[in-house]
1. Starting from the amide H of Trp197, placed 1.01 Å from N in the peptide plane, find each other amide H under 5 Å away whose residue is 5 or more places distant or on another chain.
2. From the backbone phi of region 187-201, what are the Karplus-calculated ³J(HN,Hα) couplings (6.51 cos²θ - 1.76 cosθ + 1.60, θ = phi - 60°) in whole Hz, Gly and Pro given as x?
3. Mind listing which GluC sites (Glu not before Pro) in region 177-273 are in a DSSP loop and have 14 or fewer other Cβ atoms within 10 Å?
4. How long is the gain from Asn139 to Gln175 if the chain were fully straight, where each residue apart is worth 0.36 nm and the alpha carbon distance is subtracted?
5. Give me the log10 of I(q) over I(0) for region 126-202 at q = 0.11, 0.13, 0.14, 0.27 Å⁻¹, as the Debye formula computes it from C-alpha points; what are the numbers?
6. For Leu166, put the label point 7 Å out on the Cα→Cβ axis and report which residues of region 120-149 keep their amide N under 19 Å from it.
7. Can you give me the long-range amide H partners of Val240? Hydrogens built in the peptide plane at 1.01 Å from N, cutoff under 5 Å, separation of 5 or more residues or another chain.
8. Tell me the carbon and sulfur percent of the accessible area for region 136-260, rounded to whole percent, probe radius 1.4 Å.
Amino acid sequence: AVVSTQSTGRKRARKQSNESSSSDDSSTSSSGSSREEPVKTSGRRRSPEPDHNASAGTAESLDRIARIINDSDQAPLKTNSERYSPAPEEHSQEPQPVVPAATYLPPPSANTQMTQSKDLLFLLNKYPIMWTGTIALKNDTANVQLHFLSGSSTLAEGAIGALPNLGPGPMRIAQRMRLEPNQIEGVQKRMQHEGHWCMLLALPHCTDPVSLSTQTTVLQQGFISYLDSKQAAGIINLSVPEQTSPYVLHIFPPCEFTRVNMKRFCPELMEGAGDCGYLLIVIATV
């Protein structure tokens, strides 16, 4: 009975050992090729084989670090500003335009200024100032000087002396004459009678450059542009009590009639007067 009992126990132990061995084999085969369990021999695990690739990579890294340290020891030390200063930015510089020497105008010399002064005195003597005052048209007023150009100076002085008869305030343009051929011919016929006509040039006037620029603008826009748009000349009738024939002032904007007569009587003033603006005044008796 004892022998039978021992034999039965050995069989049972052997059966359990075989079942555990089969279960280990099934778990190993189900894990696939991605995971391998170390093979058990005599109850001990086999130690993993050394990874030669990892050892080679570690050796290369150590060799690289050694070379970096060696190079840094041989290189000169840099200050913080040299280490961390940003690289200079490259700005594209556009080529600067070359100013030609001809555009530089040197200040006028003493001889040039003296020549200009002589020219101005010559023009003032040749075309003297007859009157300085204010003219008006609609709502605009401008300060002007009247320069004598041609004709009868006596008639010019008589007409200027009678200007106060117009009343206080500026010399106002109240009427217009159409710039038509028959009207222009009537003025030209009066200019053929010696002693019965004179011609004056009205230019903007002021004492300082800023105000002179303002007066020039007013004369150009308020008077010249207006008369030119109407294709007309201004008319002022100036009556004198002691005189039977009144003075008639014909005030022309720049036109063909004014250009022809300025070229005839005052060619030196054509260019300058055209730049600043002007009115040509013909005074005649009826």
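1. Here Ser152 satisfy the definition.
2. 5, 5, 5, 5, 6, 7, 8, 5, x, 10, 7, 7, 10, 10, 10
3. Details: sites: Glu185, Glu194, Glu242, Glu256, Glu268, Glu271; in loops: Glu194, Glu242.
When the GluC sites (Glu not before Pro) of region 177-273 are filtered for loop state and at most 14 Cβ neighbours within 10 Å, Glu194, Glu242 remain.
4. Details: separation 36, 0.36 × 36 = 12.96 nm, distance 1.43 nm.
Fully extending the segment from Asn139 to Gln175 adds 11.5 nm.
5. The Debye formula, applied to the Cα set alone, gives -0.34, -0.48, -0.56, -1.26.
6. The answer is 129-149, whose backbone nitrogens lie closer than 19 Å to the label point.
7. HN-HN under 5 Å from Val240: Tyr247.
8. On the way: 3170 of 6540 Å².
Reported share for carbon and sulfur atoms: 48 percent.
The values are calculated or read from the model by the stated rules, or taken from the named source; none is laboratory data. Keep in mind the model is a prediction, meaning the values are calculated, not measured. A quick note on method: Cβ atoms are made from the backbone with ideal geometry, for glycine too, and the neighbour counts reach across all protein chains shown. SASA here: full protein model, heavy atoms, side chains in, ligands and nucleic acids out. Shrake-Rupley method; radii C 1.70, N 1.55, O 1.52, S 1.80 Å.
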